[in-house]
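In what follows, a single structure is set out as structure tokens and then discussed.
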Amino acid sequence: MFKQIYLDYAATTPTDKGILEKMMPYFSQDFGNPSSVHNLGQRAMMAVDESREKVAKILKCSPTEIIFTSGATESNNLAIRGAVSHYYATNGKNAPKPHFISSTIEHHCVLDTLKSLFKSDLIELTFLPVNNEGLVNIDKLKEMIQENTIFVSVMYVNNEIGTIQPIEEIGKLIKELNSIRQNKIIFHTDAVQAINYLNCDIQKLGVDFLSFSAHKFYGPKGAGVLYIKKGTPIKVIQTGGAQEFKLRAGTHNVPAIVGLGEAIEQIRNNNFEKIEELRDYLVERILKEIPASYLNGHREKRSPNNANFRFDNIEGEGLLLSLDMEGVYASTGSACSSGSLDPSHVLLALGLKHEQAHGSLRLTLGKHTTKEDIDFTIDKIKEIVARLREISGNVLKEFDPKK
Amino acid sequence: MQYSKKVLDYFMKPRNLGEIQNPDGESTVGNPKCGDIMKIYLKINKNEAGEEIIEDVRFQTLGCGAAIATSSMATEMVKGKTLDEAYKITNQQVAEELGGLPPVKMHCSNLAADAIRKAIENYRKK
């Protein structure tokens, strides 16, 4: 059979077979609507609440602080739009605009949501830059906070370059500021890429909102969580039912929520050391064996499963396509693969030139990755980079925009 | 990526790859910002009827699969043709010859016919 090597675990993970088995009864057997009063409905409700408790145990919060959504995109929309909606509901529609801050390298579901609120003239917006390794600067954040700032959103781990942000420190700063502020600041973190690998104890992190999706840690697609610290101002945005403490209307996706609960329970059994070791081996060999290759992001402060390279005189889509034909599935920040004309906003935020960002390759490992997979992949990357460089020659160096 | 088999074939086994030393015409098109740059080299000679023809053509391309495949296909389409014939070839024809391209690739990566025309102009100006 054609060998397939999956190195795109940051995009999504396969649902564990054991988790899938636990989900199955809730499709056709215990299929009740958790909002129904009868026994079948209540059995489904019990399953949803059991998952809620499992999530609360990992986040070290109360089950009543857990809202199930369809995924992190919805969670982030609810957190941001829900905070804006609450602000105007409380202060009146003519209230002065609230100020929001987010990093420049957030996922589009945060960036686009903020930008759309900004365009609608509902918020003031400031972007917190990152350094060339993808880290935000806390002193800069401190300077940006204004009297009308009510929301700070910084992702825990970046999805492209794996950089781990100092969430705990930011949490401390905001707590300190809030103790003497009239306009309290809500601190939100998108923890989609962190939940599987890093401590998401919300007491420790000091966050008010935290979001993630089940499908990033061997659960199913279609279920996510928004943690809402008790008392945090938020207003429902999707109306039409009293589900989820009246904060998210819509029939529960019971099988997926059951899968999410199972997946989060198994999170600490996943062997990160093995993944990190393999990742380090991959990085070391690529940088040593391929000339003009570089690692994007921070060497140490990064998710254990993430490697993001760039190669001079290479366009990422061609590299991805060639790997695909060898059965190796990866990802790139090149525009050519995304349908837009600009390369990754994350790589550009690091200060890379467009042509450098186009030459990037993201490999994200998971619990099924083996050393054989990595060795095969390294050998193929070496061949492909050499081949593509033969095709590209010196055209970039000789390129003269005036001609 | 929804590329035709022919695109993948021309991407994996590019025809007419490389440089020509002291070319009669050359051109570079594209933009590093978009990620695609193509360079075309022409060797011009005369056929028995005395018309100028493209005797040899080579390319080098930094770019995605479509950029490499279209460069390669375009060189194949103009090799041996008279300059007037080669000048008439369009990006659209190159894409058709490859069995089509994904719509998103039609603008940014399908520049090879432009490059050929520019190389012919470069020769004619000399």
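Read-outs throughout are calculated quantities, based only on the coordinates presented, and are distinct from any laboratory measurement. None of the values given here were measured: they were computed from a predicted structure. Here the Cβ positions follow ideal geometry from the backbone for every residue, glycine too, while neighbour counts run over all protein chains shown.
Angle of helix B:65-78 to the longest C-alpha principal axis of chain B, folded into 0 to 90 degrees and rounded to 10: 30°. Normalised by the number of residues in segment A:271-390, the average gap of Cα pairs under 8 Å and 6 or more apart makes the relative contact order 32 percent.
Computed over chain A with a Gaussian network model linking Cα atoms closer than 10 Å, the most mobile of A:Arg389, A:Arg279, A:Arg362 is A:Arg389. Within the listed set B:Ala74, B:Ala95, B:Ala112, the Gaussian network model of chain B (springs between alpha-carbon atoms below 10 Å) gives the highest mean-square fluctuation for B:Ala95. For A:Cys61, neighbours were defined as the other residues whose beta-carbon sits under 14 Å from its Cβ, and their charges (Lys and Arg +1, Asp and Glu -1) total +3. Once you reduce segment A:107-147 and segment B:61-95 to the center of their Cα atoms, the two points are 45 Å from each other. Inter-chain neighbour count for A:321-331: the average number of beta-carbon atoms from partner chains within 10 Å of each residue's beta-carbon is 2.
Exposure proxy shown here: for B:Tyr123, A:Tyr88, A:Tyr26, A:Tyr156, the number of other Cβ atoms within 10 Å sets the order, fewest to most, as A:Tyr88, B:Tyr123, A:Tyr26, A:Tyr156. Each 20 Å bin from zero up to the one holding the largest Cα-Cα distance in the protein assembly as shown carries the following percent of pairs: 21, 44, 28, 7, 0. Taking 17 Å as the straight-line reach from the Cα of A:Lys246, the aspartates and glutamates in range (excluding those fewer than 8 positions away in the same chain) are A:Asp49, A:Glu65, A:Glu74.
Excluding residues on the same chain fewer than 8 positions from A:Lys119, give the aspartates and glutamates whose Cα lies under 17 Å from its Cα. Here the aspartates and glutamates satisfying the reach criterion relative to A:Lys119 do not exist. Only aspartates and glutamates eight or more places from A:Lys172 in sequence, or on another chain, were considered; those with a Cα closer than 16 Å are A:Asp139, A:Glu143, A:Asp201, A:Asp208. Using C-alpha pairs below 8 Å separated by at least 6 residues, the relative contact order for chain A is 22 percent. With R₀ set to 30 Å, the beta-carbon distance separating B:Met12 from B:Arg124 gives a calculated FRET efficiency near 0.30. The HN-Hα couplings worked out from phi for segment A:220-226 by the Karplus form 6.51 cos²θ - 1.76 cosθ + 1.60 (θ = phi - 60°) are x, 6, x, 9, x, 9, 10 Hz, whole numbers, x standing for Gly and Pro.
Please give the helix B:112-125 orientation as an angle from the longest Cα principal axis of chain B, in degrees from 0 to 90, rounded to the nearest 10. Taking the Cα atoms of chain B, the angle to B:112-125 is about 20 degrees. Neighbour counting of Cβ atoms within 10 Å sorts the residues A:Thr104, A:Thr90, fewest neighbours leading, into A:Thr90, A:Thr104.
Of all the options B:Gly50, B:Gly35, B:Gly25, the one that moves most in a Gaussian network model of chain B with Cα springs shorter than 10 angstrom is B:Gly50. Extending 7 Å from the Cα toward the beta-carbon at both A:Ala292 and A:Lys142 defines two label points whose distance is 4.3 nm.
Once C-alpha pairs closer than 8 Å and six or more residues apart are averaged by separation and normalised to the residue number of chain B, the relative contact order reads 31 percent.
Sorting A:Lys397, B:Lys118 by the number of Cβ atoms found within 10 Å of their own Cβ, with the fewest placed first, yields A:Lys397, B:Lys118. For segment B:5-125, the mean projected area of the C-alpha convex hull, equal to one quarter of the hull surface, is 7.1 nm². 3J(HN,Hα) along segment B:28-43, derived from phi through the Karplus expression 6.51 cos²θ - 1.76 cosθ + 1.60 where θ = phi - 60°, amounts to 10, 10, x, 6, x, 4, 7, x, 10, 9, 10, 10, 10, 10, 10, 10 Hz, with x in place of Gly and Pro.
Taking the DSSP bridge list for segment B:5-125 and keeping only pairs wholly inside it, about 95 percent are antiparallel.
Beyond 26 Å in Cα-Cα separation lie the following of the pairs A:Lys115/A:Lys142; A:Lys221/A:Lys301; B:Lys5/B:Lys105; A:Lys301/A:Lys380: A:Lys221/A:Lys301; A:Lys301/A:Lys380. Which of the helices in chain A, when you take each full DSSP H run, stretch at least 20 Å along the axis at their Cα atoms and have an average Kyte-Doolittle score of -1.0 or higher? Counting only whole DSSP H runs, the qualifying helices are A:39-59, A:72-91, A:272-289, A:371-392. Electrostatic bookkeeping for A:Arg285 treats Lys and Arg as +1 and Asp and Glu as -1; over the other residues with beta carbon under 10 Å from its beta carbon, the sum is -3.
Based on alpha-carbon atoms, the Kirkwood radius and the radius of gyration of segment A:17-267 give Rg/Rh equal to 0.98.
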